[in-house]
Amino acid sequence: MLPASVLKSQENWKLKTEKEGIKIYSTHFADSKIKALKVVCTADASLSQLVAVLLNINEQDEWFYHTHSTILKQVSPTELFYYAELDLPFPFSNRDFVEHLLVSQNPVTKVVIMEVQNLPNYIPIKKDIVRVTHSQCNWVVKPLGKNLIGIEFTLFADPGGSIPVWLVNMMSSYGPLETFKKLKTELQKTEYAGVSLPFIQD
């Protein structure tokens with residue numbers, strides 16, 4: 001498991017893609033051939049709306065690219081463990097991962113941080129699916145105004161197994177773009193309109 005501070009301290013991000021207000025950056029990460037990613041965008045939503053969407057793990061496949069997720073254990077309203085499976089094109093095996101998700105908010109700046117840490121040994125490995133053992137993900141969400149937030153998403157994930165590095169790095173541009181386009185749509189669903197979370201200050 002990679003410490004969150006390592007990913008947060010990454011520098012030398014290079015812009016790979018910019019489309020529909022979504023900017024995707026990449027950078028070399030430690031000694032890996034797999035690049036780390038950063039997605040930056042704004043969204044017409046409140047902090048509570050975004051956090052509500054992110055915590056609604058069982059409906060994550062509505063917007064997260066080729067990923068199907070389910071909650072394993074709900075520790076508290078701001079902490080949970082979940083399982084996710086990523087669909088890969090034939091002939092490659094699907095990948096799965098187990099994550100520990102923790103949400104916190106700075107009471108002064110109101111910036112919301114969601115850290116997602118990889119726990120590869122939390123549940124047994126499944127047959128014909130490659131378990132992701134090295135990953136780190138962070139969300140930083142800032143209030144920019146009434147119903148306007150700034151989102152910064154950073155990710156490093158080594159899919160392991162026999163999959164070409166070039167394919168991983170190519171998919172890492174298209175996947176995040178599609179994910180964040182759908183995330184913006186998901187935020188506008190009526191079930192999230194006017195949502196207020198007791199642990200989030202909007």
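In a Gaussian network model over the chain where Cα atoms closer than 10 Å are linked, find which of PRO89, PRO159, PRO107 has the largest mean-square fluctuation.
With Cα springs under 10 Å in the chain, the top fluctuation among PRO89, PRO159, PRO107 is at PRO89.
Of the listed peptides 75-84, 43-52, what is their order by residue-averaged count of other C-beta atoms within 10 Å, with the highest listed first? Display every interim value, and only then the final one.
Details: 75-84: 15.6, 43-52: 21.2.
Ranked by mean Cβ neighbours within 10 Å, highest first: 43-52, 75-84.
Go ahead and run the numbers for FRET between LYS110 and VAL165, Cβ-Cβ distance against an R0 of 35 Å, rounding to 0.05.
Once rounded, the FRET efficiency stands at 0.35.
If you take the beta carbon distance between HIS68 and HIS28 as r and set R0 to 25 Å, what does 1/(1 + (r/R0)^6) give as a FRET efficiency, to the nearest 0.05? List each step's numbers first, then the result.
Numbers: r = 30 Å, r/R0 = 1.20.
So the FRET efficiency works out to roughly 0.25.
Can you work out the FRET efficiency for the pair LYS126 and LYS146, with r the C-beta to C-beta distance and R0 = 41 Å, to the nearest 0.05?
Values: r = 45 Å, r/R0 = 1.10.
Plugging the Cβ-Cβ distance into 1/(1 + (r/R0)^6) gives 0.35.
With springs only between Cα atoms under 10 Å, which of PHE156, PHE90, PHE29 fluctuates most in a Gaussian network model of the chain?
In the Gaussian network model the winner is PHE90.
Since every read-out is calculated from the coordinates, none of them should be taken as a lab result. All figures in this text were calculated on a predicted structure; none of them were measured in a lab. So basically every Cβ, Gly included, is an ideal-geometry build from the backbone, and we count neighbours across all protein chains shown.
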